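Student: First the structure, then my questions, so here it is.
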Amino acid sequence: MICQNFHGDKGEHVYERFIILSCDNVIPPEKRDAELLDKLKAESNILVNVAVRCLIMAKKRGYVFTESERTIANRKMYEIENDSLSLFIETCCIVGEGRVKIREFKQQYRQWCKENKLEAERPNSISKMLKEKYGIDGFKSGTEYYPLTIKPF
């Protein structure tokens, strides 16, 4: 999936507004209609009419859009891909057991982001994000996260 990533608030309330469609039926360049845009412009009245009818139906449903399982999976995948910390947790960690030193966790996370050409979250935000999204807390001494283990690389 290729989507543009964004920065800022990455809470569930943001992602639940996204509907990410799969476009698997790519037309090879030699079969593409060079006049497609002109044809669509010629049918613009019909296209707008259909769009307005669909909007009216959505309004009647309280603006609730139907989504396939695949569309829901696309959104979840985008949420993970757009959030390097969550991707690191999903790929490289075991949530629910063990402890890891905070400094070691942040160092390995930054290194993993660098190796995977991803932007790391700001160090000051990591603890808050771990707490909110995974229930991972800093140990009383403030030197370890728990329950969290980094898988051996």
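Since every read-out is calculated from the coordinates, none of them should be taken as a lab result. Here the structure is a predicted model, which means the values were calculated and not measured. Reconstructed Cβ throughout: ideal geometry from the backbone, glycine too, with neighbour counts over all protein chains shown.
Student: What is the stretch 7-96 by shape, rounded, prolate or oblate, if you read a ≥ b ≥ c off the alpha carbon gyration tensor as root eigenvalues and call it rounded for a/c under 1.5, prolate for a/b larger than b/c, and oblate otherwise?
Tutor: Here the stretch 7-96 falls in the oblate category.
Student: What does the extension gain come out to for GLU90 and LEU36, with contour length at 0.36 nm per residue minus their alpha carbon separation?
Tutor: Gain on stretching GLU90 to LEU36: 15.2 nm.
Student: If you don't mind, another one. Please report CYS93, CYS23 as a ranked list, fewest other C-beta atoms within 10 angstrom at the top and most at the bottom.
Tutor: Starting with the residue having the fewest Cβ neighbours, the order is CYS23, CYS93.
Student: Would you please give the residues with an amide H less than 5 Å from that of GLU144, counting only those at least 5 places away or on a separate chain, with H modeled from the backbone geometry?
Tutor: Correct list: ILE102, PHE139.
Student: What is the local net charge at GLU119, summed over the other residues whose Cβ is closer than 11 Å to its Cβ (Lys, Arg +1; Asp, Glu -1)?
Tutor: Computed value for this residue: +2.
Student: Any idea what the dipole of the stretch 39-153 comes to, in debye rounded to 20, about its Cα centre with Lys/Arg Cβ at +1 and Asp/Glu Cβ at -1?
Tutor: Dipole of the stretch 39-153, to the nearest 20 debye: 380 debye.
Student: For the stretch 82-150, how big is the tail of P(r) above 18 Å, as a whole percent of Cα pairs?
Tutor: That tail contains 26 percent of the Cα-Cα pairs.
Student: Sticking with this structure for a sec: Report relative contact order for the stretch 82-150 in percent, whole number only (criteria: Cα-Cα under 8 Å, sequence separation at least 6).
Tutor: Relative CO of the stretch 82-150 lands at 49 percent.
Student: Something else now. Cross-link list LYS101/LYS133; LYS60/LYS131; LYS59/LYS133: which exceed 30 angstrom alpha carbon to alpha carbon?
Tutor: As for pairs spanning more than 30 Å Cα to Cα, those are LYS60/LYS131; LYS59/LYS133.
Student: In deg cm²/dmol, rounded to 500, what helix-only [θ] at 222 nm does the chain give when every DSSP H run of at least 4 residues adds -39500 (n - 2.57) and the total is split over its residues?
Tutor: Here the helix-only value at 222 nm equals -15000 deg cm²/dmol.
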